[in-house]
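Visitor: Handing you a structure now.
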Amino acid sequence: MNLALVGRWVSIAGLFCLAVVTGAYARERYAGPARLSGLKVDGVTLPDDAEARAFVAVRIHALEGRRVRLLVEGEDVTALVVAAAKKNDDVASPLVSLGELGVSVDADAVMARLETLGQRDDLLERADLAKRAARGEIDVPLDPFVDASVLLPLVLLVKEATDVAPVSARLDLDHHGVVDERPGRYVDPDAALEAIRSAARLPAVPTEPLSITLPTRAFPPHVSRAFVEKLDVKTMLAEYETYFSRAGDQARRGKNIDVAASKIDGLVLSPGELVSFNDVVGERSEDNGFARSWEIYKGEMVEGVGGGTCQVASTFHAALFFGGLDVVERLPHSRPSAYIPMGLDATVVYPIVDLKVRNPYDFAVVVHASVVGNKLKMQVVGADKPAKVGFQRELVDTFPYKRKIVEEPKLRGSQRVVLKQHGIRGYKIKRTRWLAYRDGTTHKETNTDLYPSTTEIYEVPPSFDVSLLPPLPDDAKDEGEGSAPPIPSLAPAPVACTENCAQPALDVVEGPGAHAPTEAQENPPKTLMLVR
């Protein structure tokens, strides 16, 4: 065989193969991803004749618009975030979309992933890629991103409504038993972000909303049953009683006292433990067992939920005060209370005004709260009574009250006036607690309480002659006694009249919740001392 001829044919064959390979490379390098037949984007095949960016935009829109149902331990909580997440969509919808939860996709990043397909140095690898695409085996993900600044506020709404605080074990002193503890539960925000991100990557199911369970974490209470069973409660450190009424409009207030006391009963304070009254009793809501009743709000008696809880807080405070526990946070009422001396009361408003106490002893103490008829009793028991506790109160100053007149159109054409709220003088007191320990040492605490005056409020007919109302009390103080003179009766002030004139009688009625002040509220003693 002619060797020159063979060499010529080999050269021709080599050039032909080079041309084929070069052409294939050029086609795969410059034809673009749409030429990879069978390629998928987010699980959907990209048509050969489709414009890639437009197709990607459609897939992104479908993912961000996917409907979602949120669950917490099997409970549907979607409605909690619907109103907050909605913008221009149907607010009445029971579902939200992934986009409204902060899920989004970077279209440029998806296109970059598409454009790199087939751009491999190895020709065999690129050929294999084309075969796999033809078989529908290559799917370019959208790789959604979750914007935490959008999602976290929505998760916090769910947390606020569904998180459950742990409940410590309690000692049932009445039945000589133990009430078991209950663990707490909370929605984990970081895990919730990851759960939504993972769910957004799942393949879509036609017409079916996506159910996403927000992960929760459990945590134990501070006091366990095993701890409570070992408590030594043989010694009474202190007890305090207050009384209340269940008659008429006070019935619901009495129910609230029952509810709040039941939540305090059996409370265990470990050595050094700080306890919040608001945390123990919880929100004053109907869902938490409380009823609507009269309460003080911004200096006036109004109907709200939980009226009467302050009496439980005050009795609780007094018992712990005489038990020698540390009172870390406490505020007096805006007026003297009828059921407890000034200086021993404590006002609470959930969640902003609280009563906090700390156990300073090296042993645990237990609070026993009981309600029998109209009597509320708080007892503090533990292993020992380290100190005798005394309370002293001095009346430093008094302040006159003012009168507020409100015209009420419903009273038009009558001589009726409604005493909506009785006036009560304001007081400034000095309060002292001293503790005498068995080792002969003593401790003294002194501070000042201020009780603003309570405005007297009348509702009167339009154009009513206010001079017909009873006069305000003399603001002068009886310096010999150090207390204010009593408030006069509601009899109308005398009106000058000539012969044969008739003055229509003034009809004064008390409005709902306008209970007359007690002697202790009107004329408190200048000094008071109690020792327990």
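Laboratory data are not the source of any read-out in this text; all were calculated from the coordinates shown. Source: prediction; values computed, not measured. Note that we place each Cβ from the backbone using ideal geometry, even for glycine, and neighbour counts take in every protein chain shown.
Visitor: Have a look at the DSSP beta bridges in the chain and tell me what percent are antiparallel, nearest 5. Let's see the in-between values first.
Guide: Working: 81 of 96 bridges.
Just about 85 percent of them are antiparallel.
Visitor: Against the longest principal axis of the chain, how steep is helix 189-200, in degrees 0 to 90 to the nearest 10, with axes from Cα atoms?
Guide: 40 degrees
Visitor: Compute the distribution of all C-alpha to C-alpha distances in the chain, in bins of 20 Å from 0, and list the percent of pairs in each, rounded to whole numbers.
Guide: Percent of pairs per bin, in order: 16, 31, 24, 16, 9, 4, 1, 0.
Visitor: So, one more: What does the extension gain come out to for Ala165 and Asp279, with contour length at 0.36 nm per residue minus their alpha carbon separation?
Guide: Result for the pair: 40.2 nm of gain on full extension.
Visitor: Please report the Cα spread of region 231-385 along all three principal axes, rounded to whole Å, starting with the longest.
Guide: Extents along the principal axes, in whole Å: 43, 31, 30.
Visitor: To continue, here is another question. Lysines within cross-link reach of Lys402: Cα-Cα under 23 Å, excluding same-chain residues under 8 positions apart?
Guide: Within reach: Lys298, Lys420, Lys428, Lys477, Lys526.
Visitor: Give the angle, between 0 and 90 degrees and rounded to the nearest 10, that separates the Cα long axis of helix 52-64 from the longest principal axis of the Cα atoms of the chain.
Guide: 30 degrees
Visitor: Show me the trypsin sites (Lys or Arg not before Pro) within region 407-437 that DSSP assigns to loop and that have at most 16 other Cβ atoms within 10 Å of their Cβ.
Guide: On the way: sites: Lys410, Arg412, Arg416, Lys420, Arg425, Lys428, Lys430, Arg431, Arg433; in loops: Arg412, Arg425.
Within region 407-437, the qualifying trypsin sites (Lys or Arg not before Pro) (loop, at most 16 other Cβ atoms within 10 Å) are Arg412.
Visitor: Sticking to Cα atoms, compute the Rg of region 42-166 to one decimal and its Dmax as the biggest Cα-Cα distance, whole number, in Å.
Guide: Cα-based Rg and Dmax for region 42-166 come out at 19.6, 63 Å.
Visitor: Give me, ordered by chain and number, the residues 5 or more places off Arg66 or on other chains with an amide H under 5 Å from its own placed amide H.
Guide: Residues meeting the criterion, in which the H sits 1.01 Å from N, are Leu98, Gly99.
Visitor: Rank these for me by crowding, Phe391, Phe321, going from fewest to most other beta carbons within 10 Å.
Guide: Values: Phe391 19, Phe321 26.
Sorted ascending by nearby Cβ count, the order is Phe391, Phe321.
Visitor: Contact order normalised by length for region 313-467, with contacts defined as Cα pairs under 8 Å and 6 or more residues apart; what percent is it? Write down the numbers at each step before the final one.
Guide: Values: 316 pairs, mean separation 37.3, N = 155.
Relative contact order for region 313-467 comes out at 24 percent.
Visitor: Can you put Asp258, Asp439 in order of Cβ neighbours within 10 angstrom, beginning with the fewest?
Guide: Going from sparsest to densest Cβ surroundings: Asp439, Asp258.
Visitor: Let me ask something else. Given a Förster radius of 45 Å and the C-beta distance between Ala134 and Asp76 as r, what FRET efficiency does 1/(1 + (r/R0)^6) yield to the nearest 0.05?
Guide: 0.55
Visitor: Any idea how far the Cα center of region 377-393 sits from the one of region 204-267, in Å?
Guide: One Cα centre to the other: 24 Å.
Visitor: Using Cα pairs closer than 8 Å and at least 6 residues apart in sequence, work out the relative contact order for the chain, in percent.
Guide: Working: 1047 pairs, mean separation 58.9, N = 532.
This gives 11 percent for the chain.
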